[in-house]
Amino acid sequence: MRPSLNLRGMQVYKDMLDRDAQLALVEDVRTIAKQAPFVTPVTPSGKAMSVKMTSAGRFGWVTDGQGYRYAQSHPNGTPWPVIPPSVLGIWTTVAGVDRPPECCLVNYYGTDAKMGMHQDRDEANFEMPVVSVSLGDDALFRVGHETRGGKTESVWLQSGDVVVMGGQARLLYHGIDRLKPNSSTLLAKGGRINLTLRVVT
Ligand code: MD3
Ligand code: FE
């Protein structure tokens, strides 16, 4: 498969997943959330984030008074659900590495949610890419440089798009500025789900 767009080394596969595949993934997310409910993360400075999060896989992403980290159980003490086969299949198709993902972070954005510019650098091996799957409303994704500041570029991510951040793109600052409300009919209540797959160790 060939990316439809390359933005600073970030490979965007537009519309990789058809409607049925997207609906099946939403069902998979519901199953994950039954075992590992969405939580509202709190930043180290004590502010609630507008995104709700849960995870699947050996590791999940947790935030609390201690800060952010990968953990092997949900804050409720139960192990994370397994990463659904459909999600592993997406990784195998686009990641181009011989290791499976160890974390599937599930981010839910309500209409007013956003994610500030940040780097993903809590993983041990930056040669392993990050793969992201967008479901639901369109989101304005912004990408910068390996250090804060400088000129940024933006792209609208739509439901069914898959993005691979590997190589030179792996440590770029990035964030989600805003959603386009009601741009998708995939989620009855609107908003956006993003699945982010990572090798952690
Ligand atoms: C570019 N999530 O969970 S996914 C995150 O849409 C995160 O929920 C956003 O950033 C979201 O950390 C963006 C696309 C993404 C993920 C990781 C990256 C882009 C990236 C790592 C390096 C560069
Ligand atoms: Fe990120």
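Rule-based calculations on the coordinates, nothing more; no lab input. Please read these numbers as outputs of a predicted model, since none were measured by experiment. Positions of Cβ are generated from backbone atoms using ideal geometry, with glycine treated the same way; all protein chains shown enter the neighbour counts.
Mind ordering 182-188, 79-85, 64-70, 125-131 by average Cβ neighbours within 10 Å, highest first? Could you put the intermediate results ahead of the total?
Values: 182-188: 14.4, 79-85: 16.9, 64-70: 12.1, 125-131: 18.6.
My ranking of the peptides, most packed first, is 125-131, 79-85, 182-188, 64-70.
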Which order results if MET117, MET1, MET53 are arranged by neighbouring Cβ count within 10 Å, fewest first?
-> MET1, MET117, MET53
Farthest toward positive dipole pole in the chain [+1 Lys/Arg, -1 Asp/Glu at C-beta], among GLY65, PRO3, ALA21 | GLY65
Chain lengthening between LYS114 and ARG69 when straightened (0.36 nm per residue, less Cα-Cα) | 14.2 nm
Where does the chain land at 222 nm, in deg cm²/dmol rounded to the nearest 500, when only DSSP H runs of n ≥ 4 count, each adding -39500 (n - 2.57), divided by all residues?
-> -4500 deg cm²/dmol
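What translational D, rounded to a whole number of µm²/s, comes out for the chain from Stokes-Einstein when the hydrodynamic radius is the Kirkwood one over Cα pairs, at 37 °C and 0.692 mPa s? Can you show the working numbers first?
Working: Rh = 16.9 Å.
Roughly 195 µm²/s, to the nearest whole number.
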Hypothetical label at GLU153: residues of segment 1-41 whose amide nitrogen lies under 13 Å (7 Å Cα-Cβ projection) = 4-12
Compare the peptides 139-147, 191-199 by average per-residue count of other Cβ atoms within 10 angstrom and give them in order, highest first.
-> 191-199, 139-147
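Going through the cross-link list LYS47/LYS114; LYS114/LYS189; LYS14/LYS47, which pairs have a Cα-Cα distance over 25 Å in this structure? List each step's numbers first, then the result.
Working: LYS47/LYS114 14 Å; LYS114/LYS189 17 Å; LYS14/LYS47 34 Å.
Checking Cα-Cα distances, LYS14/LYS47 exceed 25 Å.
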What ranking of THR63, THR111 emerges when the number of other C-beta atoms within 10 Å of each C-beta is taken as an exposure proxy, fewest first?
-> THR111, THR63
Assuming R0 = 25 Å, can you tell me the calculated FRET efficiency for the pair ARG2 and ARG99, based on Cβ-Cβ distance, to the nearest 0.05?
-> 0.65
Can you give the charge dipole size of the chain about its Cα centre, rounded to the nearest 20 debye, using +1 on the beta carbon of Lys and Arg and -1 on the beta carbon of Asp and Glu?
-> 380 debye
Compute the FRET efficiency between ASP122 and ARG19 as 1/(1 + (r/R0)^6), taking r as their Cβ-Cβ distance and R0 = 30 Å, and round to the nearest 0.05.
-> 0.35
Rounded to the nearest 20 debye, dipole of segment 96-201 from Cβ charges on Lys, Arg, Asp, Glu = 280 debye
